[in-house]
Amino acid sequence: MENKDYLVLGDKKFESRFILGSGKYSPELIDAAIKSAGSQMVTVALRRANTKDVANILNYIPKEVTIIPNTSGARNAHEAIRIARLAREMGCGNFVKIEIMRDSKYLLPDNSETLKATEVLAGEGFVVLPYMYPDLNFARDLRDAGASAIMPLASPIGSNKGLATRDFIKIIIDEIDLPVIVDAGIGVPSHAAEAMEMGAAAIMANTGIATASDINMMAKAFRLGIEGGRLAYLAKPGRVLEKGADPSSPLRDFFDWYEYKKCIWLFSGHGYNRFRYKR
């Protein structure tokens, strides 16, 4: 029997390693993420799910898809905790993505407040997925506080700039024994593939698909990029030479001097023409 490569978060197992992030929502985007990208998880900002100005996005998410409320808009731990509790009271389950941002220009997460919220919510039985600036010390603290995964940003939210924090994310992957879900700034499938090759457990993206000319095609491309990157990671890529080269064919010691001279003559203009006409 084939062993499934599941992503495990809390008490749930997922075959897909793509999570649709909250932000630029539309029924078309949600449909593409689920059908073309294969997403089994969708994050939802609570304030967006209750607005009267746009269609309630919860109506477009199939029941079999896991909804992950996020605390978007929270400026401190107290606000994030309140939003998470409210989401659970509304029947959104125990999953929560913690987003706490005091910075309104670059939308960088506040790691200190995120840690405070993680400690409280994990203690209340939430499956806590904290969005954080990639810092190994805070990643360790979040793990110890009960986080179910670590979600470092790749680059500023909505920038599509890719793995600007690549080296720091790799350190977290290597040192933290939790799923590492790369979030924010993943703009094209090659970014996703690279993160997965590094050992990331999953990718969260929104803008890269939402702003594409063909949403369905880009969603499918993301799925293939994530699956390819995961397979490459599991295959354990070959070593990289920092200097020199290593020929894949046994070029040296194959010809003796006589054969070498004959080859030089054969592939010179005169030798090549005689060889061609003889044939």
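The values are calculated or read from the model by the stated rules, or taken from the named source; none is laboratory data. Fair warning: this is a prediction, and the values are worked out from it, not measured in the lab. Heads up, the Cβs are rebuilt from the backbone with ideal geometry, glycines too, and the neighbour counts pull from every protein chain shown.
Among the residues that make up the range 55-77, is at least one of them among the aromatic types (Phe, Trp, Tyr) and closer than 19 Å to Val182 by Cβ?
Scanning the range 55-77 turns up no residue that is among the aromatic types (Phe, Trp, Tyr) and closer than 19 Å to Val182 by Cβ.
Okay, residues lined up against (1) of a type in the set (Val, Ile, Thr); (2) more than 28 Å from Lys12 (Cα to Cα):
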residue	(1), (2)
Ile157	yes, no
Gly162	no, yes
Thr165	yes, yes
Ile172	yes, no
Val188	yes, no
Glu197	no, no
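Between a first residue in the range 135-153 that is in contact (Cβ under 8 Å) with a residue 24 or more places away in the chain and more than 10 Å from Thr118 (Cα to Cα) and a second residue that is polar (S, T, N, Q) and surrounded by 17 or more Cβ atoms within 10 Å (Cβ to Cβ), which pairs have beta carbons less than 9 Å apart while being 6 or more apart in sequence or on different chains?
Asp135/Asn111; Phe138/Asn111; Phe138/Thr114; Pro152/Thr165; Leu153/Thr165
Specify which of the listed residues (Glu89, Glu28) is within 23 Å of Phe222 (Cβ to Cβ) and either of a type outside the set (A, V, I, L, M, F, W, C) or modelled with pLDDT under 85 (or both).
Testing whether each residue is within 23 Å of Phe222 (Cβ to Cβ) and either of a type outside the set (A, V, I, L, M, F, W, C) or modelled with pLDDT under 85 (or both) leaves just Glu28.
List every residue pair whose Cβ atoms lie under 9 Å apart, where the two residues are 6 or more positions apart in sequence or sit on different chains, the first residue falls within the range 69-97 and is over 25 Å from Leu108 (Cβ atoms), and the second residue, located anywhere, is surrounded by 15 or more Cβ atoms within 10 Å (Cβ to Cβ) and among the polar types (S, T, N, Q).
Arg88/Asn94; Gly93/Thr66
Please enumerate the residues belonging to the range 88-109 that are surrounded by 22 or more Cβ atoms within 10 Å (Cβ to Cβ) and of a type outside the set (A, V, I, L, M, F, W, C).
Lys97, Glu99, Pro109
Output the residues belonging to the range 214-259 that are assigned to a helix (DSSP H, G or I) and modelled with pLDDT under 60.
Residues satisfying the conditions are Trp257, Tyr258.
Test each condition in (1) in contact with a His (Cβ under 7 Å, 6 or more places away or on another chain); (2) modelled with pLDDT of 95 or more; (3) of a type in the set (A, V, I, L, M, F, W, C) for Leu163 and report the one that comes out false.
Looking at each condition in turn, Leu163 falls short on (2).
What is the residue count in the range 110-132 for residues that are crowded, with 24+ Cβ neighbours inside 10 Å and touching a helix residue (DSSP H, G or I) at 6+ places or on another chain (Cβ under 8 Å)?
So the count comes out to 9.
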